[in-house]
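A short worksheet on the structure shown next.
Where a number appears in this text, it was derived from the coordinates with a stated rule and is not lab data. Predicted, not measured: the structure shown is a model, and the values here were computed from it. Methodologically, a virtual Cβ is constructed for each residue, glycine included, from the backbone with ideal geometry; neighbour enumeration extends over all protein chains shown.
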Amino acid sequence: MSVKPQLDLFAPSTAAKPAVPNKDSLTHAQTPAAPIMKDLFDSDFNAEDIREWNQLFPTAPQYSYHFKRAQISSAFDRPLHKRLIASHAFERLREISFLGAIDYLFHPNGKPANIRHSRYDHSIGVALLSQQYCRLMGLSDSDRDLLGAAALLHDIGHGPFSHTLEPEFARRFNLNHHQLTNKIILGEVDLDLSVRHLLEKHNVDPDAVIAILSKKSDHPHASLFTGPVNIDTLEGISRTKTYVHPHYVHCHPRLLLEAAVKLDDESLQRLDKFWQLKEDIYRNFIFGPMCFATDHLCREFVVDNAPDFAANDFLLTEPAFLRRHPAFRKFLYSLKNRIELDGVADVIDNDRPDLVDQATKVPKREFHINKDVAVNSFADLGKRYYEEKNSFLRRVGNLADPAQQAAAASLFD
């Protein structure tokens, strides 16, 4: 009996789309009609950067960020991975947004409009990179099972709206997605008791999976998850890039992974460009005014309505969460209809005491490259690429005005 060929979900379904001109080069007549998409981000990723990407990835296939069930079934050949994907806990991730509340403001990954990036698709993408790494390195089936399980389960504990609401769950109930991930893997939560059983049935130690995800493993390939250039980051930053630049996606995670394994001069140039992209994504998007204002206002809503929220809300899918909390749903969709970039958030000077009291501390991450160090293995990438963490003060602008919020919410009365 012939073996069914394994489908490569990284393969191009169509030819890659050519890069479009940078937004600054568009004439007024060519300017997109939707004002939110036109002026949403003050990004430094310009036409010159696009040309450089094209030179570094001349044959980059178009990467699909939304995977269909039939494709997934054909792409994973290890029985453990197939069963983990079919589990209730993993299926729940279909209804957990990738970037939280920001996913509800616009739809970055195509039509139909109700398709959003999810933790499910992201986890599938990370697991595909794990499979590709195992093939490139010629790893054993037991290593494939362990690393693939860690890839599939690394986000299994995310709650509704991902990182948007998690800080409030952590502050009020001491709950975060790392804790819930460990409990699901160990079979200590009623959400799904099958995950531990599946791991043990296929001779994968649940504690070994947790050790990899907790950066406490001595496995020779643990850097696949723990290093600065890890498969979670490769997939996540590539995916996030589609929010900012949906028309030219040349940041292909498989090719970046291959570069991280090959490590010749051209590969390091590709990885350098990726590291610069990561800084751009964090500076202008993740910690930018739009995402900051959205996340901040949603957290403030939970604070202001604290008695309505309970610890077990963290186990819900987002549709179930919105059904349980219709006031939050109304508030969330009011942001979608009223949010504007101008005045959304201001950076605060520490020398302005009149404004400091109104400001919130926002994380700041700066990404650096040390080109003087020798890189001979995947694990050595941590010597070349590093980051500094800091913070700055930011104040939400006119969106915090109660009158504006009330007017926006009245649209749903």
Kindly identify the range 161-263 as rounded, prolate or oblate by the Cα gyration tensor criterion: order the square roots of the eigenvalues as a ≥ b ≥ c, call it rounded if a/c is under 1.5, otherwise compare a/b with b/c, prolate if a/b is larger, else oblate. oblate
Report, by chain and number, residues whose modeled amide H sits under 5 Å from the one on His163, excluding near sequence neighbours (fewer than 5 apart, same chain). Gly100
Checking the a/c ratio against 1.5 first, then a/b against b/c, what shape does the Cα gyration tensor give for the range 48-314? oblate
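Using only alpha carbon pairs under 8 Å that are at least six residues apart, calculate the relative contact order of the range 48-314 and give it in whole percent.
For the range 48-314, the relative contact order is 23 percent.
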Count charges around Glu366 for me, please; just the other residues with Cβ under 11 Å from its Cβ, Lys/Arg as +1, Asp/Glu as -1. +2
Ordered by residue, what ³J(HN,Hα) values in Hz, to whole numbers, does the range 97-104 give under the Karplus form 6.51 cos²θ - 1.76 cosθ + 1.60, where θ = phi - 60° and Gly and Pro are x? 5, 5, 10, x, 4, 4, 5, 8
At a Förster radius of 51 Å, what calculated FRET efficiency corresponds to the Cβ-Cβ distance of Arg135 and Gln358, to the nearest 0.05? 0.45
Cβ under 15 Å from Asp143's Cβ, Asp143 left aside: what net charge do those residues give with Lys, Arg +1 and Asp, Glu -1? -2
For the residue pair Ser391 and Ser214, what label-to-label distance in nm results when each label sits 7 Å from Cα along the Cα-to-beta-carbon direction? 2.6
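Could you order the peptides 163-172, 134-143, 292-301, 376-385 from most to least packed, using the average number of other C-beta atoms within 10 Å per residue?
Working: 163-172: 18.3, 134-143: 13.3, 292-301: 21.4, 376-385: 16.2.
The packing order, highest mean first, is 292-301, 163-172, 376-385, 134-143.
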Please order Thr360, Thr240 by the number of other Cβ within 10 Å, starting at the fewest. Thr360, Thr240
Amide H within-cut-off set for Ile348, under 5 Å, with H built and near neighbours excluded: Leu393, Arg394, Arg395
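Past the 30 Å Cα-Cα mark, which pairs from Lys201/Lys262; Lys82/Lys330; Lys216/Lys389; Lys262/Lys361; Lys201/Lys278?
Working: Lys201/Lys262 35 Å; Lys82/Lys330 38 Å; Lys216/Lys389 21 Å; Lys262/Lys361 40 Å; Lys201/Lys278 38 Å.
From the list (Lys201/Lys262; Lys82/Lys330; Lys216/Lys389; Lys262/Lys361; Lys201/Lys278), the Cα-Cα distance tops 30 Å for Lys201/Lys262; Lys82/Lys330; Lys262/Lys361; Lys201/Lys278.
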Per-residue HN-Hα couplings for the range 381-390, Karplus 6.51 cos²θ - 1.76 cosθ + 1.60 at θ = phi - 60°, whole Hz, x for Gly and Pro? 4, x, 7, 8, 10, 8, 9, 10, 10, 8
So, for the Cα atoms of the range 102-216, Rg and Dmax in Å stand at 15.9, 46
From the phi of every residue in the range 150-165, what ³J(HN,Hα) in whole Hz does the Karplus formula 6.51 cos²θ - 1.76 cosθ + 1.60 yield, where θ is phi - 60° and glycine or proline is x? 4, 5, 5, 9, 5, 10, 4, x, 5, x, x, 6, 6, 6, 4, 9
